[in-house]
Structure formats: structure tokens, C-alpha cells
């Protein structure tokens, strides 16, 4: 019983991170209709930049984390400006391949600097809390709290602010926004900056849990992508649900079928795609 | 015909150009030929039919493993292994293709990516002790032909080139056939195809299965023609390899079979070129920059020459 609870808690912790990555996917998909395969690299960059700022530049942990998120957001803006905007109007396949190219570049640029694995210290608090025989680390609690706060803030921003509504409208009908006199050049950049920032937030939160290195982004990005598809591409609640389902399925599944951990998320996604392609909670934000 | 001539000249150019260290460049050219077969097969699907596949390395890998398992684990004649390398991926593609070809755009990308990841993970996990796990399968025998053993660089290269030419001719005639027109119509206006009462999904499935079979055959050739005589999941089935195959098609020209060959050439020789370049430009490790250059070349091609280096009509792209 306590073993099952332990798997569940671990799964929810990792699932929250997948949900965050998936929320980043949703944001660019909903605002510019792009599947950003470089999303995972933003996660990796967030973690690596935080390590660089904290361990090599000696900044306090919290400031390093915030700065890392900000710098990654800048990288997201550069990606939109340099790689996505010049290809606007291209077909779906072209845009996917461009984002794959972006992920090569981002990953390799970090790899040129260092190929080592790093870890951040855990966020402050008691080391672990025991619940009914299972333990939950404070880092997991931080992940749950901050993750929920970020997703909630994003949801409220998109739903209730003028800027958020405009972003969503841009995905629906770019021409209509232009007719209303909104300068739409800045909006896709904003969407990419936000989405990169959310990815980076997931990155700084996961780095105390597991080793971060230049190669980790792809794997994490794919998990987030799985979560987004499972929940329903473009649905924020779907992203959260998808992330949690994959996190829990993976932790429980790898206990039963060790060696096939990587298969579980994608097997779930294939089942969903083949039976209910719009995802568990299909639809728009 | 002119393009076929270019193809043959390309494949044998290293024999003349690099006599100094021919063995190395010849085996590199053999690998180019194998990649070119995959690029041609992927082009049928991605370029002509407009269906993305992020799992062609999985078919390539399944072909390589089918050949290796048949000839090493079961000690069958390597030619039977090579035949199986086309059959097994085609069978798998038929199974997973039925639900997959119904999907569009990013759902299709995701499903094929999923197939790719799952095949790679299963090959690594060593099911029933058949695949040897991450280490792969060693001591793969050579193919034999009329008393000759295909175990040196030149005979391997001739075999790969022969298969490449056969695949090229097969695909070229397929594209010019009635079915080829249907493929391009599926890409250009799927709705028009459906409205003519033609089964869109059946057409997509046929291309998917054929493409998988050819990619698998290339995997089988890799298994018998790689100079190291071993295969492992990272070399033959990684998702990164699937992306490389797509890069080949996109850079070369996604509506031209010769384009796939040129793309395979560029992608396979780019690291060599970078290594030569790094002799003059004192950068850190040239391998580090390989992926950066890949990315830049890929994005620049898509933005500035979206049809790739080779135009469908045959004329070279300008600029």
C-alpha cells in the first residue's frame, strides 16, 4: 500500500513537470499553430543556465533560477525572429522540420560549452515529509506548488487579460486581428518568449531531482509533447491531465516492466491517437 | 536517363578522386548509397505523398535486425536475411500503418515518432535475448555471390550501388505511373482524390508499406555492408537517424529522387568537410559543430530554397 502511494507521489511530482512542458507546447500551438520540437531544449537551457549562474557565477539560487528563465525567454524570442518568422506561411511539415533544426542548434550550442552533467541544490525546507509510510521530498512539494501556480497564472492570463485574449485570437484568425489594427509581429514573439520561459521553469525545477545535461532536453521535450497530445493538443487542462497520467503511468509501469520505461508514454499516446485523436480533453483553451 | 547517369558517376567518383585513401572514402560512399536508398524511399512518402514519417530509422533498424538475427542467431543464408530485411518492416508498417495513415499533420508526426521511439526502445531492451541489447549483434557474416564473398570495400560498394540503381529505377517508374500521379494528388488535393471515389487511406497505406520495405532493405544492406560487421540500436534505429533521413530529403529536394541522393551525399560528407575545415579554422572539436551546422543548413534550406537543391523539373535551384 505504502509502496503504491510512493509510486503515485513520485509520479505526480514528475508528472507536474511534464504538464509544465506540455503547457509550453500548448501556448505556441494555440497562438501560432506551430508544434515546437525545440521546446525540450528550452527546458534543458533553463536547467543548465541556472547551474551556470548559481555554481559558476556564484549568484543566489533563487536569483539564478529567475535569471535562467529570463535568459531562456530571450532565446525563445530569438528563435521566433530568426527561424520561425522567415518561414511564415510554409506548410506544416516545413515548420516542424525547422523546429527540429532549431533543437539541433540549441542542443549543440550547449554541448559545445559543456558535456558534463550537473545538479542544482534542492529548494529550501525540511528534506522529506512522511505521509502514510511514503515519503515526499520538499523539492516535489515545491514542484507541485510552483507548477500549479504557473499553469494557473497562464490559464488566467490567456482567459481574462486583453493580451491573452488577443494571443488566442491570433491563432484563430491572424487576418482579423490585423484588420483590428493590432500589430501582430510582436505577438508570436511574445508567445515564444512565454513558452520558452515556462519550459525553462520546468528545467530549473527538475534539475535538483535529476542530473541535467545538454542531451536531456530532447527526452523531456518528447515527454511533454506526449502529455500535450494525450490531454488534447492545445488544451491547458488537458496538458495538466496528460502530464500527470504519463508521470504516474511511467513510475508505476517501470516498476512492473523495467527496461521499457521509455515505451510507456509513447504507447499511451499511440493508443489515444488511434482511438481518440483529439485527446482526453480535446478542444481549445 | 540523364539523372541515372549522374547517379552512377556520383557513386563511383571517389574511386577516381581519392585514390590516396580510397578504402575509407569508398566505404563512406557505400554508406552514402545506403542512406540514399532510405532517402529515396522516404521521398516517396514525404515529398510525393506529403506524409511525414519520423520513424524511418525504425524501419531501417528493423530491416538491419531482421537480417542480422536471421543470419547470426538462426545461421540462415545471408540472402534470406536480406530478403527478410524488406519483408519484416513492410509487415510492421502494414500493422501500424492501418491506424496511422488516418492521422494528419502533427498527429501523424506524433504517431510516427511514437513508433520510432518504441521500436528503438524494444531493440535496446533485448527481447527474448534476440537483439543483444544496447551492444547489438556482432560477427555478422558476409553475403556471397557466385562463389565470390562480398567482404571487401569494392564488392560491397558495387552491391550497394546496384541496389540503389534498381531502387531508383523502380521508384522513378512508380512516380511516372498512374499510381504515381495518385500519390501526388493525395499530396496536392486530398479532397479531390476522395471526391473521385478513390480510397485515400488505402493509397497512403500502400506508399507507407512500400517505403518501409525499401528503408528496411537499406537496413539489411547496412547490416551486411558496414565495414565493422556489427549493428546496434543507436547506429541503426535512433530517432536522431530518422531526423537525419528527413534532413537528406529536405536538403536534396523533396520532389526529386535524385535530390534524395544528393541530400544523402551532403549529410554523409558534411562531417568530413567540417573536419577538413577545422584544420584551417581553429575551432574546438569539429564534431561539436556538426549538429549546429546541420541545423543552420536545414533551416536555411527550408527558408531560402524550400524545394531543396534539386528542383522537380530537373533544373538546379538558383542561389
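Within the option set B:100, B:131, being more than 19 Å from the chain's Cα centre (by Cα), crowded, with 23+ Cβ neighbours inside 10 Å, within 14 Å of chain A (Cβ to nearest Cβ) and under 17 Å from residue B:234 (Cβ atoms) holds for one residue only, B:131.
With respect to residue B:157, is the statement that it is free of Cβ contacts under 8 Å to residues at least 12 places away in the same chain, out of contact with any strand residue (DSSP E or B) (no Cβ under 8 Å at 6 or more places or on another chain) and not in a loop (DSSP other than H, G, I, E, B) true? When the stated conditions are applied, residue B:157 does not pass them. Exactly one residue out of B:62, B:46 is modelled with pLDDT of 85 or more, in contact with a helix residue (DSSP H, G or I) (Cβ under 9 Å, 6 or more places away or on another chain) and within 14 Å of chain A (Cβ to nearest Cβ), and it is B:46. Based on this model, can you work out whether residue A:191 counts as more than 10 Å from chain B (Cβ to nearest Cβ) and within 19 Å of residue A:32 (Cβ to Cβ)? Here the answer is yes, as residue A:191 does meet what is asked. Taking the stretch A:104-127 as the range and being within 22 Å of the chain's Cα centre (by Cα) and at the interface with chain B (Cβ under 7 Å from one of its Cβ atoms) as the test, the residues that pass are A:104, A:105, A:107, A:108, A:109, A:111.
Looking at the stretch A:105-214, the helices (runs of 4 or more DSSP H) lying wholly inside it that each contain 2 or more residues that are surrounded by fewer than 16 Cβ atoms within 10 Å (Cβ to Cβ) and free of Cβ contacts under 8 Å to residues at least 24 places away in the same chain sit at A:138-160, A:162-172, A:174-179. For residue B:171, the requirement of being modelled with pLDDT under 90, farther than 29 Å from residue A:270 by Cα and away from every other protein chain (no Cβ under 14 Å) is not met.
Determine which member of the set A:47, A:70, A:13, A:24 is surrounded by fewer than 22 Cβ atoms within 10 Å (Cβ to Cβ), under 16 Å from the mean Cα position of the chain (by Cα) and farther than 20 Å from residue B:299 by Cα. Result of the check over A:47, A:70, A:13, A:24: A:70. Of all residues in the stretch B:111-127, none that is without any contact (Cβ under 8 Å) to a residue 40 or more places away in the chain and more than 8 Å from every other protein chain (Cβ to nearest Cβ) has its Cβ atom under 7 Å from the Cβ atom of a residue that is part of a helix (DSSP H, G or I) and surrounded by 21 or more Cβ atoms within 10 Å (Cβ to Cβ), 6 or more apart or on another chain.
Yes/no per residue for (1) more than 9 Å from chain B (Cβ to nearest Cβ); (2) surrounded by fewer than 22 Cβ atoms within 10 Å (Cβ to Cβ); (3) modelled with pLDDT of 90 or more:
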| site | (1), (2), (3) |
| --- | --- |
| A:240 | yes, no, yes |
| A:243 | yes, no, yes |
| A:246 | yes, no, yes |
| A:249 | yes, yes, yes |
| A:254 | yes, yes, no |
| A:261 | no, yes, no |
| A:264 | yes, yes, no |
| A:273 | no, no, no |
| A:276 | yes, yes, no |
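The values are calculated or read from the model by the stated rules, or taken from the named source; none is laboratory data. Quick caveat, the model's predicted, so the values are computed rather than measured. Virtual Cβ from ideal backbone geometry, glycine too; neighbours counted across all protein chains shown.
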